[in-house]
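Q: Handing you this structure, nothing more for now.
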Amino acid sequence: MSTRLATGGRLIDRSRTVSFTFNGKRLRGHPGDTLASALLAAGQVIVGRSFKYHRPRGVMASGAEDPNALVNLGAGNRHEPNQRATTTALFDGLVATSQNHWPSLNWDIGEVNALVPRLLPAGFYYKTFIHPRPFWKHVFEPIIRQSAGLGRAPDPRHADPDRYEHFYAHTDLVIAGGGIAGLAAALQAGRAGLRVILCEQTAHWGGRAPVDGVEIDGLPAGEWVNDAVEQLEKMENVHLRLNCMIAGVYDHGYVIAYERVADDSPGGDAPRHRLWRIRSAQVIAATGALERPLSFPGNDKPGVMLAAAVRDYVVNYGVAPGARTVIVTNNDDAYRTALALDDAGLAVPCIVDARPEANGPLVQAARARGLRVLTGMGICNVKGLRGVVAVQLCAQSGSGAVVEDVICDAVAMSGGWSPVVHLWSHCGGKLTWDEAGAFFRPDPMRPPTNQSGAGFVSCAGAADGALWAGETLENAGLITRRVLESFGSSTDHPMPVARAAAEAPMLPVWMMPEEAGPKKRAKMWLDFQNDVKVSDVQLAAREGYESVEHTKRYTTIGMATDQGKLSNINGLAILAKALDEDIPRVGTTTFRPPYTPISMGAIAGEARGPIFQPLRRTPMHDWHEANGAHWEPVGHWRRPYCFPKQGESHRDAVNREIAATRASLGVLDASTLGKIIVKGPDAGRFIDMLYTNLMSNLKPGKCRYGLMCSENGFLMDDGVVARLDDDTFLVHTTTGGADRIHAHMEDWLQCEWWDWQVYTANVTEQWAQIAVVGPKARAVLEKLGSDVDLSAEALPFMGWAEGRIGGFDARVFRISFSGELSFEVAVPASQGRAFWDKIQEVGAEFGATPYGTEALHVMRAEKGFIMIGDETDGTVIPQDLGLDWAISKKKDDYLGKRAQERAHMTDPARWKLVGLETLDGSVLPDGSYALAEGVNANGQRNTQGRVTSTYFSPTLGRGIAMGLVLHGPDRMGEVLDFNTTKPAPKGGAAPTIKARIVSPVFFDPEGTKQNV
Amino acid sequence: MSELALSALAGAKATGLVTIEDMGLCGMVTLRADLAASAGAVEQVTGAAMPGPRAMTTGQGVQVAWMSPDELLILCDHAGADAMVAALSQALAGQHHLAVNVSDARAVLRVTGGAGALRDTLAKITPADLAALPVQEMRRTRLQQVAGAIWFVTDTEARVICFRSVARYVFDLLAMSARDGGAVGYH
């Protein structure tokens, strides 16, 4: 069983303790512990269960590569699943629970899956659940959902209480990894004057070197690291960041870094995570290497760990993963673990070395201490159900005949090391197979390239395959020099020199023992998180899977939260062997960002709560809010839908607002309407091209309604144009059209008609615009006092004037979207609120009633006015809407004219706009279809029209609608059936609603109300 | 009725790593014209020389900022913006141009603090390279989800301009970014 040693632990502070809970049990650790080291110190060998077989799982590694120690972290609104215990800093009050077990961690009913391993072979899901079809939904899926999944999803009723943020940085060089290679590279680049950001994903500088007994420039690695960091901190051009992982490298030197700012201090003012969005000319990935497991039967049992992780726990945290640890290896590096354990006074019963001979200096050192070294041997079985009690040894070359049982409670395994090439590969860097080390390393001839076609990512040190510390710094020096050269920089300062014990070559061992039979192969785990064994990959190969990408998806090897950091090379080596191919020919799966999972909160950044999206506010927004507006989102604007009074329904409020407007006085905040100035000698010509009707003959002081089409002929916007002077037009667009139409104008002016003398400016927000509407509209404005003559003679319908109203600087437009006498008054936005308040005050005696967008919609529908987005949907042309009167016959051209002459556009069978009146006075459902006889080829009911707008009209006391109907205008008075969403009664037909085709102008067709 | 005129943020202020304040009503005029041909007229009206790309020049109580190859933003007294439009139009009579008062279409914020904290705070909302932005250079950019512009008045004081309707959003963004717990120490 694992335990805390009496002494040691270079990263922990033994003078203080912190307490935490695991599955409700109160445990203690020290500041500096990871959750994993604290759990091991507390003797917690089993920390979770595997995905498929629910096998007990223990801590296997000491860093980001660990596949097993995933926990639910935090409680309540801070609960987060799948958090890696090996990278979680311990803090006081930490709450963790284990995952994927039922009913308990120590006894799990799903473990039965493992007792019947034939139950879930590779490709099980694909093979089993295809037939019979209904079984999937009703039988298999519920069972799988019950047992599958790793962590527990957060409760959707909880909102994350923490905050997050982004941070943009620009630099010359990003260095990923604060081990000795990264530190040395940063020192050189810093001396050369480059701007450097150096990120280390853990809380400590130095990487493995201090644990592995490396000496640098005559100093123990730990001391050299401290000196290096001290020097770097003094360099103004170098920025150091701990707890900050480079998550991904993208085109154009875009680098994402994930900084865990306050994971270990929840509830403070700091953002929990910060996402760095960096532009860097060059990236050095000094990301080190990951140790590989060995594939021997029972290698997944809790207590079997990576050899380097075992010495990490001993040296860094003063934690012994076991009292008696067997080492199993194919290389010299694992002997460091034996020596570290021996140094700590822990028993190493034997070192099982698969190589026929082992005589390197580290091996000699182990032998010199009297440690038993068994060469040419392997492990053929691990005994113990929920931990290790013994291993059985065999000859590596045979099929696994037991030659000896060794009592032990932990196994430290090492199958060699793989460089972390992820950042090299994210943006397309290619790899080459290194025969000597049996790993993929970056191919220097095929780097990821930048916008100039030059490489912009380099791997340095172990990440470049220079695993042995002596070579690591030499390699990092060479790589850094090349990177500096790309900037035209250099430094004369020599690179530090590292000294470490020499290592004899490793021996690739992909199966242990080499000739293991099927039963043993079914117990050799490749992917510990997803339960993929040697036998599964071999089965996939037998079933015809040749591509490593397909095999990944078929067997699930390398999937989920660890993305095969431990299983990748071992898996593809087994696949290559099964296919009788070379490993490099089989290749690896694709490395994609992020390197390890990053939080959704970090990706969202600050965009949540009140600043989730920009909310656009008119100058009168606060008044609306204070007066109980029910909001409608219109783009990013919020517009009042209606202003319900206490206890009033929205529908009643809308009806009241319409009645008041038609009877006396309504007031609308129309500030969101787009307002674009178009000016220049060619402005008239330009406006004539934008609109379907003739605008250039508009006189100053006058307004005209117009339609704007795309070059494909489809109606895209409408609005009123006012001519300000000979050279200048003011174009009103729809609320949603303001930015889009301005961009459309600039597109044509800049790309097509660049020689036309026209300037545009979007002044939408310069003006607050208030529609004063109703029979008393003139009276209220006159009462306010105006130097503008507002009489019908001086300012007739579709005229505009400028002056002062109630002391405000104003433009008054006599335009009406309601059919009432209407003045749209524009005042500078800064005066908008004051003007609005004044209108309410002075209008009180006329019953001034603010109205919202729904009343606006109903009133325009009563008048048969179209609405962009209701009557149009991108497939509708003005001719469909009976707007032929607004299409100039005189003009040679306008945008959309040619398109509108195409056969499909002039087809008389195009559905055309009509009014619709239900026979029973009810309101037609939105989007309802007019039914036609028969069914189409798909057995669907034929249709002959559809509803585009439908409302209850309080003015008429009945439902009114507009719709597009086949030959509609020629069929006045005909009655059509419209479908509903109501279900058909048993044995009967689905209910329909009958409506009569009428004119779309329901109210005041002569326009007597607006022309007064 | 300009005595009743209100800026979008009505004097809002927030303090943290830096201080963010509403500048109140500021005069702004957009001029679109052939800049080479209008240098004389601009200098005559504003007293400021024609700025080069992204630069700002200063006249009598007026600043002129280069916004694009055919657009300037002239910063002046709020009450004087209409007169500025009229003066420009007069000086540019006969030359194709568009001068328009956009004072109320925008909001202006003042952000003050230590040189590093100031840039760190802004770097949370704009992808612009703030270390490379000299004092008195206009940088049109993105403020997270909206368009905006930034310039440094001095090393320790910045201006942020955005559209009026999103003034609250930009203010809230800055206030959140300036919270004391979020110090970065990068710049």
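The values are calculated or read from the model by the stated rules, or taken from the named source; none is laboratory data. Not measured: the values here are computed from a predicted model. Cβ: placed from backbone, ideal geometry, glycine included. Neighbour counts: every protein chain shown.
Q: What about residue A:947, is it assigned to a strand (DSSP E or B), under 40 Å from the mean Cα position of the chain (by Cα), outside the structural domain of residue A:661 (by TED's automatic domain parsing) and buried (at least 19 other Cβ atoms within 10 Å of the Cβ)?
A: Here the answer is yes, as residue A:947 does meet what is asked.
Q: A further question on this structure: Quick one: which residue in A:498, A:578, A:540, A:504 is among the aliphatic types (A, V, I, L, M) and touching a Phe, Trp or Tyr at 6+ places or on another chain (Cβ under 8 Å)?
A: A:540
Q: Hey, another quick one. So residue B:67 ticks every box in (1) part of a strand (DSSP E or B); (2) crowded, with 21+ Cβ neighbours inside 10 Å but one. Which box is left unticked?
A: (2)
Q: Under the condition of being buried (at least 24 other Cβ atoms within 10 Å of the Cβ) and among the small types (Gly, Ala, Ser), which residue from the stretch A:319-341 is farthest from residue A:509 (Cα to Cα)?
A: Looking at the filtered set, the residue picked out is A:320.
Q: Is it true that residue A:604 is within 30 Å of residue A:422 (Cα to Cα) and of a type in the set (Gly, Ala, Ser)?
A: Considered against the rule, which asks whether it is within 30 Å of residue A:422 (Cα to Cα) and of a type in the set (Gly, Ala, Ser), residue A:604 comes out as yes.
Q: In the stretch A:1-37, how many are surrounded by 15 or more Cβ atoms within 10 Å (Cβ to Cβ) and of a type in the set (Asp, Glu)?
A: 1
Q: Please return the ranges of strands (runs of 3 or more DSSP E) entirely within the stretch A:799-860 where 2 or more residues are surrounded by fewer than 22 Cβ atoms within 10 Å (Cβ to Cβ).
A: Answer list for the stretch A:799-860: A:800-805, A:808-813.
Q: Another question about this same structure. Any chance the stretch A:651-667 includes a residue that's in contact (Cβ under 8 Å) with a residue 24 or more places away in the chain and within 11 Å of chain B (Cβ to nearest Cβ)?
A: No, there is no match, as no residue in the stretch A:651-667 is in contact (Cβ under 8 Å) with a residue 24 or more places away in the chain and within 11 Å of chain B (Cβ to nearest Cβ).
Q: If you go through the stretch A:308-326 one residue at a time, do you hit one that is free of Cβ contacts under 8 Å to residues at least 12 places away in the same chain and outside the structural domain of residue A:222 (by TED's automatic domain parsing)?
A: Looking through the stretch A:308-326, none of the residues is free of Cβ contacts under 8 Å to residues at least 12 places away in the same chain and outside the structural domain of residue A:222 (by TED's automatic domain parsing).
Q: Hey, another quick one. Of all residues in the stretch B:20-54, which are surrounded by fewer than 16 Cβ atoms within 10 Å (Cβ to Cβ) and either of a type in the set (S, T, N, Q) or away from chain A (no Cβ under 14 Å) (or both)?
A: Those that are surrounded by fewer than 16 Cβ atoms within 10 Å (Cβ to Cβ) and either of a type in the set (S, T, N, Q) or away from chain A (no Cβ under 14 Å) (or both): B:36, B:39, B:40, B:44, B:47, B:49, B:52, B:53.
Q: Any residue that is charged (D, E, K, R) and assigned to a loop (DSSP other than H, G, I, E, B) - is there at least one of those in the stretch A:549-562?
A: No, the stretch A:549-562 contains no residue that is charged (D, E, K, R) and assigned to a loop (DSSP other than H, G, I, E, B).
Q: Okay, next question. Which of (1) in contact (Cβ under 8 Å) with a residue 40 or more places away in the chain; (2) away from chain B (no Cβ under 14 Å); (3) closer than 14 Å to residue A:722 by Cα is the odd one out, the single condition residue A:812 does not satisfy?
A: Going through (1) in contact (Cβ under 8 Å) with a residue 40 or more places away in the chain; (2) away from chain B (no Cβ under 14 Å); (3) closer than 14 Å to residue A:722 by Cα one by one, residue A:812 breaks only (1).
Q: List pairs: first residue in the stretch B:73-95 and in the same structural domain as residue B:35 (by TED's automatic domain parsing), second residue assigned to a loop (DSSP other than H, G, I, E, B) and crowded, with 17+ Cβ neighbours inside 10 Å anywhere in the structure, Cβ distance under 7 angstrom, at least six positions apart or on different chains.
A: From the stretch B:73-95, the pairs are B:74/B:62; B:75/B:26; B:75/B:62; B:76/B:62; B:78/B:25; B:78/B:26.
Q: Within the stretch A:229-275, how many residues turn out to be part of a strand (DSSP E or B) and acidic (Asp, Glu)?
A: 1
Q: Name the residues in the stretch A:421-479 that are part of a strand (DSSP E or B), crowded, with 24+ Cβ neighbours inside 10 Å and not hydrophobic (A, V, I, L, M, F, W, C), would you?
A: Passing the criteria: A:442, A:458.
Q: Can you tell me which residues in the stretch A:815-850 are away from chain B (no Cβ under 14 Å), closer than 23 Å to residue B:101 by Cβ and among the β-branched types (Val, Ile, Thr)?
A: Once the filter is applied, which keeps residues that are away from chain B (no Cβ under 14 Å), closer than 23 Å to residue B:101 by Cβ and among the β-branched types (Val, Ile, Thr), the stretch A:815-850 yields only A:815.
Q: Still on this structure, please answer the following. How many residues are free of Cβ contacts under 8 Å to residues at least 24 places away in the same chain and away from every other protein chain (no Cβ under 14 Å) if we restrict to the stretch A:219-259?
A: 7
Q: In the stretch A:9-49, which residues are touching a residue at least 24 places away in the same chain (Cβ under 8 Å) and of a type in the set (Ser, Thr, Tyr)?
A: Correct list: A:19, A:21, A:34, A:37.
Q: Might you let me know whether the stretch A:674-687 holds any residue that is within 14 Å of chain B (Cβ to nearest Cβ), in contact with a Ser or Thr (Cβ under 9 Å, 6 or more places away or on another chain), in a loop (DSSP other than H, G, I, E, B) and farther than 30 Å from residue A:954 by Cβ?
A: Within the stretch A:674-687, one or more residues are within 14 Å of chain B (Cβ to nearest Cβ), in contact with a Ser or Thr (Cβ under 9 Å, 6 or more places away or on another chain), in a loop (DSSP other than H, G, I, E, B) and farther than 30 Å from residue A:954 by Cβ.
Q: Would you be able to tell me the number of residues in the stretch A:954-988 that are in a strand (DSSP E or B) and not acidic (Asp, Glu)?
A: Looking only at that region, the number is 13.
Q: Now for a different question. So in the stretch A:625-637, with the set limited to residues that are free of Cβ contacts under 8 Å to residues at least 60 places away in the same chain and surrounded by 15 or more Cβ atoms within 10 Å (Cβ to Cβ), which one is nearest to residue B:162 (Cα to Cα)?
A: Among those that are free of Cβ contacts under 8 Å to residues at least 60 places away in the same chain and surrounded by 15 or more Cβ atoms within 10 Å (Cβ to Cβ), it is A:636.
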